[in-house]
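Undergrad: Would you mind keeping the following structure in view while I ask a few things?
The values are calculated or read from the model by the stated rules, or taken from the named source; none is laboratory data. From a predicted model like this one, the values you see are computed outputs, not experimental measurements. Here the Cβ positions follow ideal geometry from the backbone for every residue, glycine too, while neighbour counts run over all protein chains shown. The accessibility values were calculated without ligands, DNA or RNA, using every heavy atom of the protein model including side chains. Shrake-Rupley method; radii C 1.70, N 1.55, O 1.52, S 1.80 Å.
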Amino acid sequence: MKKNHTQVVVSPRCACHYSNPEAAHAGEASVAVNLREQEQSLVVTGTPVYCGTIPAGHRLLLVDGNRHFSLHSSTIYCDGTAVTTVTSDVIAMYRVGDGLVVVTRDGLLHLRYSGDTCEVVNKAQAIPSITLVVADELSTQISLDAYTFASPYKSWSEPLHADDIAALTSRYRAAWRNAVAAVSAQGGYYTPLMACYAVRMWDDNYLWVSNPVTIGLTTLANAQPVTAAVTTASSSYTGIAATTMSMAGYRLGIKVQSGVGESWRSMVKAIDVFVTAQPAIADVSSLYYRCLTTQGGTRTPNLQYGWQSLSQSRVVAALEASGWHMVATTTDVDSLAQGRFVASNVTHVAATATGVINAPMTDGATLTREQVTAINSGSSEIAPVAAMVRNGRLYIASASGQLACSAHGNAMITQQVARVTGASLMAIAPVSRPLYSGGFGRYAAYLFTSEGIYAVAQSAMGVLGEARLVDRSIIAAGCVPVDGDRDVYYIDRNGWLCRLTGSQVSRLLPGVTASATMSWDDSHCELHLLGDDGVVAVTPQGHYSRRTLEATALYDDVSHSIAVTAQGQLYDLTREESCVLPVEYRSHPIVIASHRYARPRHVSWCVVSDESQLTLSLRGERGMSCHGFLLGSLRVGGIVAAPLSMPVVSPPCRTMRLEVTGTAHTGTVINSICVS
């Protein structure tokens, strides 16, 4: 009777972790070296391409085109040339727009290129010294004609008749409007104002706004009522004599003490002057009046009438709540160095450099108090513990749960700072997938905290909101998450390499040290992990292969995945060149028969190679007491293209392992293996 034999077709895979190795799918490996999965096969990798050098012992901070920035001790270098020193730990370095930013524990350090060199730009040098003052005193007088009461009064006391109040109100309101128009026609103001100036950068974002100054408080006297003599006839009070309304005004002056620093002149687009809206200094809804009689000498009746003036404290409170309107702007930054504020609506007195705004702008930009507060509450107030760049914006997080977001393409401008969570922040990573029922784009970043992983909400207007819990997994202290193929990889505090997909966490590899560094290779869709065992390449499915690359550090950004050697040589992990490499593949135990022993008789290997020296082996196992004994092996070399047949004489086995060792050229393929 013909005896049936078990036939197993194995598709080789890279290594993967199983607590019970016999639970692995046939072909998944326990050891894989210099191999990469490709469809149903394994392919020998190449060696990373050399892409530059930094001094030995330096930490690579940033790859910016052909320039390499590195850190040694407390000094930052560009291509080996010292640029600046730092006083605290460097978290990361990024290029944002046209500038470079170094994120340290103490705050941000900004760099820019000047020709072939790189220099630090000091924010203080972008701020000119300007004083806003009262320049010209203006005075306007409006005549108020005599008025005859509708009917004479027998006694001089309140109240006046309604007809007289209405007539006087109309006359006074017209005079008031004429006086205001006269002051405004001279480019002046008739009420107190708050004024400030701001530094506007090349992208029209404001870098800084000065503290406001209050000017023109003397114009509060404009709200004082006028006094007119009362005319009498036949012991009756018949009307009031003509009088004069005086209105004081002023024009705003701009005095420049110092201009913008030389290194900032290409970055500063304009200096803008803002004032608040002219506040109400009197209640103009109804006429205020008093019937007076002088007591000294001859008794003389008078009528005091006008608006009821508001208190100075009330006017100042209105100024402090007002928004800001641009009244003058200069784009001639060079002239500031000569003490002149050159603008179309600003004139200069010949004897002085003080400029006078003679015609406030009618179409100037406006700023709200909230915007000014956001501009001046810069990210320097946050002590960063983590940072990332996403869609041209810099996000930095503090340990206390604050998140700061920069302007698009400009890390010098902090558009908002918000406390998004009460937990202690440890790391930050971008959100690339929809969260919470398809809320794509609503969540800007993952926040790794001492209480789990949160996602911070961001409205369509870019406003940061409260963070929401995603998972209770806690990241290892010091781990820097890596974004790859819309997933986020990190190491948790239990030593597992984890993948965060949307709101789902998958554990891939155990036993990873918290100090391990990672980088994402987008060309081959694999994560490079540098730990105690060297460099390991991990697929999104959790399969991994060790690489024979002696590296001391990994560098990762959106465009680069680089390994750094002890000698400072840089190797681009996304690009490979052909070479001959040592390879090793050893499968997990493959169960031949779960209820009985079997005798494998034949192995058909399918290896395609142009240059190789490989040993193809089959090993048998009967359990823990007897495993790994050799059943058969085959040595191949040179050019291999045809299937390789290997007869086997085997004792009864419960499980078996497939093994490939030796050296092979880049591109060598190990296809499906058939055991029968």
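Undergrad: Run a plain Debye calculation on the chain (Cα atoms as equal point scatterers, no solvent) and give log10 I(q)/I(0) at q = 0.06, 0.08 Å⁻¹, rounded to two decimals, same order as the q list.
TA: -0.56, -0.78
Undergrad: Considering the dipole of the chain built from charges on the beta carbon (Lys and Arg +1, Asp and Glu -1) around the Cα centre, which of S561, A162, P643 is farthest to its positive end?
TA: About the Cα centre, the residue reaching furthest to the positive side is P643.
Undergrad: If you take the charge dipole of segment 227-355 about its Cα centre, with +1 on Lys and Arg Cβ and -1 on Asp and Glu Cβ, which of A343, I281, Y305 is farthest toward its positive end?
TA: Y305
Undergrad: Residue farthest toward the positive end of the dipole of the chain, with Cβ of Lys/Arg at +1 and Asp/Glu at -1: which of G188, A399, Y147?
TA: A399
Undergrad: Using a probe radius of 1.4 Å on heavy atoms only, what accessible surface per residue do you get for the chain? Whole Å² is fine.
TA: Ligands and nucleic acids excluded, the figure is 45 Å² per residue.
Undergrad: In debye, nearest 20, what is the charge dipole magnitude of segment 545-676 about its Cα centre with +1 on Lys and Arg Cβ and -1 on Asp and Glu Cβ, if you could check?
TA: Once rounded to the nearest 20, the dipole reads 1100 debye.
Undergrad: Give the relative contact order (percent, whole number) for segment 526-676; include only Cα pairs under 8 Å separated by 6+ residues.
TA: 25 percent
Undergrad: Where does segment 352-485 land on Rg(C-alpha)/(2.2 N^0.38 Å)?
TA: The value comes to 1.29.
Undergrad: Note down the magnitude of the dipole of segment 519-615 about its Cα centre, charges +1 on Lys and Arg C-beta and -1 on Asp and Glu C-beta and zero elsewhere, to the nearest 20 debye.
TA: I would put it at about 940 debye.
Undergrad: Given bins 10 angstrom wide, list per bin the percent of all Cα-Cα distances in segment 211-337, short to long.
TA: 10, 26, 22, 17, 12, 7, 4, 1, 0
Undergrad: Right, next: Can you compute the charge dipole magnitude of segment 241-310 about its Cα centre, using +1 on each Lys and Arg Cβ and -1 on each Asp and Glu Cβ, nothing else charged? Give it in debye, rounded to the nearest 20.
TA: Computed about the Cα centre, the dipole is about 140 debye.
Undergrad: Also: From largest accessible area down, sort D522, D164, D98; use a 1.4 Å probe on the protein chains.
TA: Largest accessible area first, the list is D522, D98, D164.
Undergrad: Go through 427-433, 646-652 and give me the packing order, highest mean Cβ count within 10 Å leading.
TA: Most protected by this proxy first, the peptides run 427-433, 646-652.
Undergrad: Which net charge results when you count Lys and Arg as +1 and Asp and Glu as -1 among the other residues whose beta-carbon is under 9 Å from that of V389?
TA: +2
Undergrad: If you don't mind, another one. Add +1 for every Lys or Arg and -1 for every Asp or Glu among the other residues with Cβ under 13 Å from the Cβ of N671, and state the total.
TA: So the surrounding residues net to -1.
Undergrad: For the chain, with all protein chains present and a 1.4 Å probe, just round the carbon and sulfur fraction of the accessible area to a whole percent.
TA: 49 percent
Undergrad: Find out how many positive minus negative residues lie around D556, taking Lys and Arg as positive, Asp and Glu as negative, among other residues whose Cβ is under 10 Å from that of D556.
TA: Residues near D556 contribute -3 overall.
Undergrad: Counting other C-beta atoms within 10 Å, and keeping those with at most 15, which DSSP coil trypsin sites (Lys or Arg not before Pro) do you find in segment 425-472?
TA: Sparse-neighbourhood loop trypsin sites (Lys or Arg not before Pro): R472.
Undergrad: Follow-up question, since we're still on this one. K154: which aspartates and glutamates have alpha carbons under 19 Å from its alpha carbon, excluding same-chain residues fewer than 8 sequence positions away?
TA: The qualifying aspartates and glutamates are D163, D164.
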